[in-house]
1. Among the listed pairs C:K40/C:K154; A:K207/C:K9; B:K190/B:K289, give every one whose C-alpha distance is greater than 23 Å.
2. Go ahead and set up a Gaussian network model of chain D, Cα springs under 10 Å, then flag whichever of D:N13, D:N111, D:N39 fluctuates most.
3. What Kirkwood Rh does chain C have if only Cα atoms enter the pairwise 1/r average? Answer in Å.
4. If you build the convex hull over the alpha carbons only and average its shadow over all orientations, what do you get for segment A:103-180? Give it in nm² to one decimal.
5. Tell me, what is the percent relative contact order of chain B, built from C-alpha pairs under 8 Å that lie six or more residues apart?
6. Identify which of D:A175, D:A58, D:A11 has the largest mean-square fluctuation in a Gaussian network model of chain D, with springs joining Cα atoms closer than 10 Å.
7. Go through segment A:18-39 and flag every residue whose accessible area shrinks by 20 Å² or more with all protein chains in place compared to the isolated chain (probe 1.4 Å).
8. Shape call for segment B:51-99 from the C-alpha gyration tensor, a ≥ b ≥ c root eigenvalues: rounded (a/c under 1.5), prolate (a/b greater than b/c) or oblate?
Amino acid sequence: MTARDLIPIAVLTILAALLPLAVTSSPVLNFLVFMLIVALGAQGWNILGGFGGQFSFGHAAFFGTGAYVTAILQLRYGVNAWAGLVLATAAGAAVGWVIGFLSFRSGLRGSYFALVTLAFAEVLRILANAASFTGGAAGLLIKLDVRAANLQFADRAVFYWLVLALVAAVLLLTRWIQRSRFGAQLVAVRENEDAAKALGVNSLTVKLRAIALSGGVTALSGCLYAQYFLYIDANIAYGSWISVELLLAPIIGGVGTVFGPVVGALTLHGLGEVAKQFAGRIPGIDLIVFGGVLVLAVAFARGGILGLLERLRDRGRGVMARGSKEVSHAGR
Amino acid sequence: MGRSVQDTTLSGISRRTVLKTGAAAAAVSALPFAAPSVLRAQTAVVKIGILQPVTGALAHDGDLGRAGAEMAISEINAAGGIKSLDGAKLEMVFGDARSTPEAGTQEVERMQAEGVSAIVGGFASPICLAASQAAARYDLPYLVDVGVSDQIMARGLTNTFRFSPGFGKVTQVALDNLTAINDKAGKPAKTVVLVHEDGLFGSGLAKLLQTELPKRGFEILETIAHPTPARDMSNVALRIRSLNPDLVIPSNYYGEFVLLARTMQQQRIKPKGIYAILGGAASNGRFVKEFPQAAQNVIDCNHWHDPKNPKALALRKAVEAQGKSFAYNVSLNYSNVLLLADAIERAGSTDRRQIIEALNASTFAGHIMPYGPTKFVNGQNEAATPINTQIQGEDIKVIFPDAFAEAKANFPAA
Amino acid sequence: MLAVEGVSKRFGGLMAVDSATLSLQPGGIIGLIGPNGAGKTTLFSMISGFVAPTEGRIRFEGADITAEEPHRRAERGIGRTFQIVQPFAGLTVCENIAVGAYLRHAKRSDATAKARDVARRVGLDAELDRPAGGLTVAGRKRLELARALATEPKLLLLDEVLAGLNPSEIRDIIPVIRGIRDEGVTILMIEHVMQAVMNLCERVYVLAQGRMIAEGPPAVVCADTRVIEAYLGHGAAARLRAEGAVHG
Amino acid sequence: MYSPQIILEAALNGLMTGAVYALIALGLTLIYGVLHIINFAHGALLTCAMFAVWIAWAWLGMDPYLAILPLVPLMFALGYGLQRFVIGPASHGDDGNILLVTLGLSIVLENVLLALFQSDTRTLDTDYSFQVVALGPLLLSYPRLIGLGVAVVVTGLLWLVLNRTDTGKAIRAVAKEKLGANLVGIDVPHVYAVTFGLGCACLAVAAGLLMPTFYVNPRIGGAFVLVAFTVVVLGGMGSLPGALLGGLFIGVVESLCGLFLGDSLGQIGIFLIFIAVLLVRPTGLFGAKA
């Protein structure tokens, strides 16, 4: 990666990190923390769905695994919350690998892959709801004990910085993917699996790596959710709402781009809040906006918000550049 | 009734709101907070937070809870506000918990920013768990209105109070009352089938009953779990029919309870009694009105107002005049606000520590529940208790304990 | 280097390829011709690993590769192009070629350098930063070729790279193919443009209705009765000869 | 354990529940067979139809079975319009996009219903809602028996439409070979929309059959749609007889699993069947189409 790759990430992260110094309102910080947790999970989805083109409708399977693993480790085995963070990520990657192995080996793609991931998440939800070591339907409550060693902070800003740092780390990770052999092969598999195979790409391995990475990152966000709200149950952790939310953010923001998931999460949540300001008495108004934005984005803004911006920029430039391009064509 | 915030299957998409955070965008979009308070800067006000899920899966219940709280606030203000604070008026800061714990937390943050003195509400256990914990960070008094999960009070949070009975207490009383009602009728019921939804509420209850019922001489023939939403109750009914129990104890939500009752009616299953604990429909006016036949003689052990309290009757009239049904969470929110106002009155201050102290020392009896004076031990009102109702004719009647009973128990059902 | 031994492929009731045998020595351009539906592309797919043969064996440089995955064969040095060109539409031309180059160059800078080098060889250097989706048909054919070439194959399977090109485009690309051969890459090509086959190939194999019916230098094969009849129908060879006699 | 009579009754119950699953799946599989998309809005559309039946009963006093008659053309029109003017144009013919557009639609529909009707559960009551037909010692639910009959008839009708009418032939032509159908002058977008409309019309029938014994709230469709996916996958995507058999099969399996294992675990059974079929034989048990 070159400096040009790193600078935008660094600048945006630093700007975002300065925010708590200007904004001291807890509700705003709380909103931002939650938004960033969603963005992080969406970044996970984007690795598999955006770069790999495998649309999962069941990323709750990873989110929930992350949340449950950290909660169970802390509650049942007294494992430190920071270690829980690492182990939860690993568990998410492992679950990703298993689901990926089963479905990719059977050659599932497109709608079939979407359906099978959905079903896996539902099975996990029902199991978590029934099993006793997950606390069953009563869910799990992580003890409120505000100490940095427990990954609980008196100041919300600290948690904000923590999530922000992880989001930034995943931004770097995705930028690296974009610039690496693995990324090129992953995108090739997305665009045309047979052509990629003919070029020596082991598509199964590439997809498995992607789903493991994706599962790990999303599990990390689930873990942070559990750590922040200190309570989870099967419907929160494995509910289909999170699968949908993690998929919406990248698609609205710009699927398969580095910043897409973050832009999407911020836009959606911002729009939802605005909708509630204007029509708060209508239940579900923000969701109507949501679904509508999704349809509109697919219809008119392929590539999401970032794609739209890029095209607008290109159009601006295109007017000037067109002439020279045509010359070069003729010259060939 | 301590229901877990539910979410099932694909369409849960919106049941769990996809977008959950509260009104923080007010700040994000650079709108000022708390505009109303600016206008009232002259008169002293005490802000109290009312947290209810008025959108999402629990919207119907949340709406009723808010109605109860609003009634109490306007009543207190009409009677001259908080006298020890020179007649300061109560001002409601309403928060929509959107049927999810995160949204509940978010609203607590906003209420804190708006300077409330205490918060009442939550309804569902997961919301109460998360919201009371968020309030604990600021030592903000939190009064749980309904959430029955025993976890809520087991965390040792000093800011959290529950006026109504918890899960353990409800079950205990329900069993005591069942035994008493059965004994009084000459012990007609010996065998039991438990039907429960497989969420927090139903499973927890079933587990408790499985250990407790045999101790009281009942034989459990079978425990049947079903998901929410259930598409079909005919299997459950079939099993009940083949087991032919004296008593069916269901614990589930409205839709499934109605489905079960109607399917049992269809399959001509007539046990000696249907005894619901925190039943989803068993003390719901709409069920009685829409399916009087299926509903007939169903007994419930649940939160319920004191039917002999004139204030309760007046409240019921007022709520029904608004076109709303009168449910237990109206009475509970109403009573909780009165309880809180009394504590603020005695504290003579909006200081949080002093309100918490006043709540701890509360012996408030001006509420409309059949509890008598409150007595908080570690935040839980020890005096709180559920009572038994039975659907008789077109009405829900209190049948036990005798001190509150409006009618005699029809048991075994004719 | 490549030995296809009695390979068959059955799709349901249809025998697409019927015990075909083929053997290539290193170097040179070898043609695979035959009428439509003869099973040429199926045979290619079996050599490159996309279709598993029902019977028979395939060896490459002595190793039995019959059951190997396509990507393993690419690693061994078998490159292929597709009849229907399949560019990675979301990537630029350079990135497209780099996917192939990554097979032997793990580092991005190396792979990109290799891609640029290949692009120059096939005449795509002016298009490097354009999105692949925007290329003309001829451009896509070149890209298809470039990507396969970037994997540094020993054996290159070309599936109708000339189809859909106009005569001047064909004239432009033929030297490119020759250039590849001159660098020591063995080429096996399916081709319909007979003029190009005559021009390029040292030897041709003829497949008809799944069977290998002839093999030899192009001029000899084209005069073969069985080949003419396979293309033009039963009795065609005799008719042609008769006509030839009249006009001659 | 259980008497044979109970087991038989459970199996028959399952068969009758399965008939409704089959009807819902029929629409889904038809849409899949022709458009090659999975319609994620199917559940929300079912909810719409159920609310429509409820409205017809509550506001107009119309019998739920009778309500099917006007509802079938209405749902057809809704489906036609959605495909023609929303899903088709918005998705630019890309499968991934169609998934997303139907997902977006389902979110919008559900929440519009939520805004209009709030979240509480509604039921309706008819004289026959909980009537039974006594077949010897067996008590069979009268409305469900009707459901079973109607499901079989509708499948038959749909089959006739597909095989005996010009529209049906056009639909089958498009399902087989989109490009070719286009070349011979078939209006492909119109055929797509007709297919989508037919799928929605099936939902109208299913809703009318469900409402006498079931309840509706804005999210209820989700309870059925995953089962319908399973049925479709099991029956072979795109196969009408597959959907009917698959629906009946799933109904019986669910019922018997529920009887022996409890209804909660019965649910897991459905998903496991679903996953197993997808992984092992994605063409379905009854499906011939690859």
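1. Values: C:K40/C:K154 20 Å; A:K207/C:K9 29 Å; B:K190/B:K289 31 Å.
Over 23 Å apart, Cα to Cα: A:K207/C:K9; B:K190/B:K289.
2. The residue that fluctuates most here is D:N111.
3. It works out to 18.9 Å.
4. Projected over every direction and averaged, the Cα hull of segment A:103-180 covers 9.0 nm².
5. 17 percent.
6. Answer for the Gaussian network model of chain D: D:A58.
7. Output list: A:S26, A:P27, A:V28, A:N30, A:F31, A:F34.
8. It comes out prolate by the Cα gyration axes.
The values are calculated or read from the model by the stated rules, or taken from the named source; none is laboratory data. From a predicted model like this one, the values you see are computed outputs, not experimental measurements. Glycine also receives a Cβ, built like all others from the backbone with ideal geometry; neighbour counts cover every protein chain displayed. For the accessible areas, the whole protein counts, side chains as well, though only heavy atoms, and no ligand, DNA or RNA atoms are used. Shrake-Rupley method; radii C 1.70, N 1.55, O 1.52, S 1.80 Å.
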